[in-house]
Amino acid sequence: MAEALSWHREFTGDMTGLVEACGWIEELSSGHGLSDDISNAIQVCFEELASNVVRHSGDGLWKDPTVDDAESKTALVLKVALSIDDRKAELRLEDNGKPFDVAAAPSHGVDQPVADMAVGGLGLHLVKTLSTAVDYRRTAYGNEVKLEFSRVAMQEPH
Amino acid sequence: MTEELAHIEVSDLAGGITEVKVFGRMDIKGVFAIEDGFAKIADEKHKVLVNLEAVTFLASLGIRTLVMSCKAVAAKGGDLVLLNPQANVDKVLKSSGIDQAIKIFTSRDEALAYLGK
């Protein structure tokens, strides 16, 4: 079995940090033996999740009313991790924004004529379609989303 | 990764058809660079051929740009179609189901014939 690889990094939860994070994920997912299919899926899913956080959690960070830690929750931060082994790639995104359960949130593909088409929910549909597993949990820090991309299920030779 | 920032080239073809050729990555950075151009075309044109053959990556914000443009053109009674997406872009389009609402052609002649009908 080849050695498992993992990386993690933090980014500011603003547009600058988002663009930087997307570039980092692009570079990692393109350069470590993953198929083009999985690399593409990781990039599409990451951009959707991270941009949702930056666009929708920026106004007023979620604060647990039972915890007196206002000082530590003054800026939105994205914590990003990617790990790759023989069987799968796993993308983890943590943020300290307001609660948002990606796995439970409604999503839909396009099922209407263009004139009636709703754009909201399309991105989450892509995340759920392009990954092989989506896991969400609320942690003391905030939201944690893990996406799995199976190198076996996605029929990647390795 | 250093790749040229996304941009578009616009050509007026016979029959009142406008071709929009997109270059680069339609990611969050790329979409910011091209969305105003798309909005202007969607506002002004009735028959739009979006050539995707030089698009190397498509994320959901890119899909949103295509959908919003298509809706704007359709609202005027016009039509917008897509041409020649690369395999990874095609997979994202089909995974989103967008091919059920926006026609995707692999033949330029067929796309032009459809818009010219």
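Derivation of every value follows stated rules applied to the coordinates shown; laboratory data play no part. Given the structure is predicted, the values throughout are model-derived calculations rather than measurements. Neighbour counts are summed over all protein chains in view; Cβ atoms, including those assigned to glycine, are modelled from backbone coordinates with ideal geometry.
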Exercise for the section: Would you mind classifying region B:7-112 by shape? Square roots of the alpha carbon gyration tensor eigenvalues, ordered a ≥ b ≥ c; an a/c under 1.5 is rounded, otherwise it is prolate if a/b is larger than b/c and oblate if not. Expected result: rounded
Practice task
Give, rounded to the nearest 20 debye, the magnitude of the charge dipole that region B:51-117 has about its Cα centre when Lys and Arg contribute +1 at Cβ and Asp and Glu contribute -1 at Cβ.
Solution key: 240 debye
Practice task
Measure up B:K40/B:K117; A:K98/B:K94; A:K88/B:K103; B:K45/B:K91 against 26 Å on the Cα-Cα distance and list the ones that go over.
Solution key: A:K98/B:K94; A:K88/B:K103; B:K45/B:K91
Practice task
Mind pulling the angle between the C-alpha long axis of helix B:87-96 and the longest principal axis of chain B? Nearest 10 degrees, somewhere in 0 to 90.
Solution key: 70 degrees
Problem - Protection-proxy order for peptides B:93-99, B:62-68, each taking the mean of Cβ atoms within 10 Å per residue, highest first - result: B:62-68, B:93-99
Fill in the blank from the handout: chain B, Gaussian network, Cα under 10 Å: of B:D79, B:D12, B:D90, the residue fluctuating most is B:D12
Handout entry: Inter-part distance where region A:1-53 and region B:1-61 are each reduced to a Cα centre, Å
Key = 24 Å
Problem - Pairwise label distance in nanometres, B:K94 with A:A103, each label 7 Å out on the Cα-Cβ vector - result: 2.9 nm
Handout entry: Model label zone, A:D36; criterion: amide N under 19 Å from point 7 Å along Cα-to-beta-carbon; scope region B:77-98
Key = B:83-96
Practice task
Along Cα→Cβ, 7 Å out, is where each label goes; now give me the distance between the ones at A:A81 and B:Y114 in nm to one decimal.
Solution key: 4.5 nm
Practice task
For region A:93-147, run through the chymotrypsin sites (Phe, Trp or Tyr not before Pro) and keep only the ones in DSSP coil with at most 14 other Cβ atoms within 10 Å of their Cβ.
Solution key: A:Y141
Problem - 0 to 90° range, to nearest 10: angle between helix B:60-75 axis and chain B longest Cα axis - result: 10 degrees
Practice task
Considering the options B:Q86, B:T56, B:Y114, tell which one lies farthest towards the positive end of the dipole of chain B, charges being +1 on Lys and Arg and -1 on Asp and Glu at the Cβ, about the Cα centre.
Solution key: B:Y114
Completion exercise
Taking R0 as 45 Å and r as the Cβ-Cβ distance between A:T139 and B:D43, the FRET efficiency 1/(1 + (r/R0)^6), rounded to the nearest 0.05, comes to 0.50
Fill in the blank from the handout: Taking a crude spin-label model, label points 7 Å out from Cα along the C-beta direction, the A:E27 to A:D116 distance in nm is 4.7 nm
Problem - Size-normalised alpha-carbon gyration radius of the protein assembly as shown, reference 2.2 N^0.38 Å - result: 1.06
Problem - Check: region B:7-112 dipole with +1 on Lys, Arg Cβ and -1 on Asp, Glu Cβ, in debye - result: 260 debye
Fill in the blank from the handout: Here the net charge surrounding B:E9, from other residues whose Cβ is less than 13 Å away from its Cβ (Lys, Arg +1; Asp, Glu -1), is -3
Practice task
For region A:104-144, report the convex hull volume of the alpha-carbon atoms normalised per residue, in Å³, without decimals.
Solution key: 77 Å³
